[in-house]
Amino acid sequence: MPHKIITIAQQKGGAGKTTIAAHLAVAFSQQGKRVAVIDIDPQGSLTQWHKIREKKFGEGFTGLQFSAISGWRLPNEIDRIRSNIDVVIIDSPPHTQAETKTAIRVADFVIIPAQPSPTDLWATVETVKIVTEERIPHRILMNRAVLNSKLLKDIEKQFSSVMDAKIGNRISFASSMLEGRTVTETAPSSPASDEIKSILKEISAMLFPEEKKVVVRQVEEVMG
Ligand SMILES: Nc1ncnc2c1ncn2[C@@H]1O[C@H](COP(=O)(O)OP(=O)(O)O)[C@@H](O)[C@H]1O
Ligand SMILES: [Mg+2]
């Protein structure tokens, strides 16, 4: 199976890039995929999270291959790790300068997190413009959304590429990361965990369609 690169990008800070990067990385790893995580944000929030994770589980036992590098080194880094990895998750800084553009260019898929607020959405327009110009498949992922609100529905009407799966405003996303983990580990059967699993399912259907075919084939064999 060829590896897939997912970049989380959004020029606005606080949109949920790092939170989503960590949660998707762990969730893919729990599925048995070999996951690499690359932090190109000089603020290093994801790096801090991974350090806590290393203390908790032990170095080399976090379930993730982690690196923190400058964005311009991404192509080399991906070349270096590509042979034994299934999914690469890249967390990017809050701007759309050269390094973020590199992270978008190397990606098979870009997730653009946005909170349903005017400032997040204005910032989203800039990031959507870049991914569209670069012709990279992408989706906007509504984060900290008040589910079923009119605001959310209005926003979905304005943007064509919003993911079906959404993330609610839940303290567990922050508290799990404080201890170097994520909600699918700290609260595996919670609504928060279900949201992450739905996102994974939606992304996997786009990035790993062959897996679905395998399941269908297995079912067909069993059914005769
Ligand atoms: N769905 C959510 N529910 C509650 N808190 C969240 C959620 N997503 C992010 N946060 C919190 O919002 C803040 C910003 O999130 P972060 O992932 O660091 O954004 P970014 O990386 O885009 O700057 C953090 O304190 C994080 O814990
Ligand atoms: Mg961040």
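Side notes on the structure shown:
- Remark: pairs (first residue in segment 27-52, within 16 Å of ligand 2 (Cβ to nearest atom); second residue of a type in the set (Ser, Thr, Tyr); Cβ separation under 6 Å; 6+ apart in sequence or on different chains) = Ile38/Ser67; Asp39/Thr47; Ile40/Ser92; Ser45/Thr18; Leu46/Thr18.
- Glu99 falls short on exactly one of the conditions (1) under 30 Å from Phe57 (Cα atoms); (2) outside any loop (DSSP other than H, G, I, E, B), and that condition is (1).
- Residue match in segment 56-77 (condition: in contact with a strand residue (DSSP E or B) (Cβ under 8 Å, 6 or more places away or on another chain), touching a residue at least 60 places away in the same chain (Cβ under 8 Å) and away from ligand 1 (no atom under 16 Å from the Cβ)): no
- Of all the numbered requirements in (1) closer than 24 Å to Asp194 by Cα; (2) touching an Asp or Glu at 6+ places or on another chain (Cβ under 6 Å); (3) within 15 Å of ligand 2 (Cβ to nearest atom); (4) in contact (Cβ under 8 Å) with a residue 60 or more places away in the chain, Thr7 misses one, and that requirement is (2).
- Once segment 167-183 is narrowed to residues that are of a type in the set (Ser, Thr, Tyr) and surrounded by 23 or more Cβ atoms within 10 Å (Cβ to Cβ), the residue that is farthest from Arg139 (Cα to Cα) is Ser176.
- Search result, residues across segment 114-130 that are hydrophobic (A, V, I, L, M, F, W, C) and over 21 Å from Ala21 (Cβ atoms): Trp122, Val125
- Extreme residue, nearest to Asn143 (Cα to Cα), among residues of segment 102-124 that are assigned to a helix (DSSP H, G or I) and within 14 Å of ligand 2 (Cβ to nearest atom): Asp120
- Summed over segment 76-120, residues that are more than 27 Å from Pro2 (Cα to Cα) and crowded, with 18+ Cβ neighbours inside 10 Å total 5.
- Residue match in segment 141-155 (condition: in a loop (DSSP other than H, G, I, E, B), small (Gly, Ala, Ser) and farther than 17 Å from Gln11 by Cα): yes
Where a number appears in this text, it was derived from the coordinates with a stated rule and is not lab data. What you are looking at is a predicted structure, and each value in this text was computed from that prediction instead of being measured. No Cβ is skipped: glycine too gets one built from the backbone with ideal geometry, and neighbour counts run over all protein chains shown.
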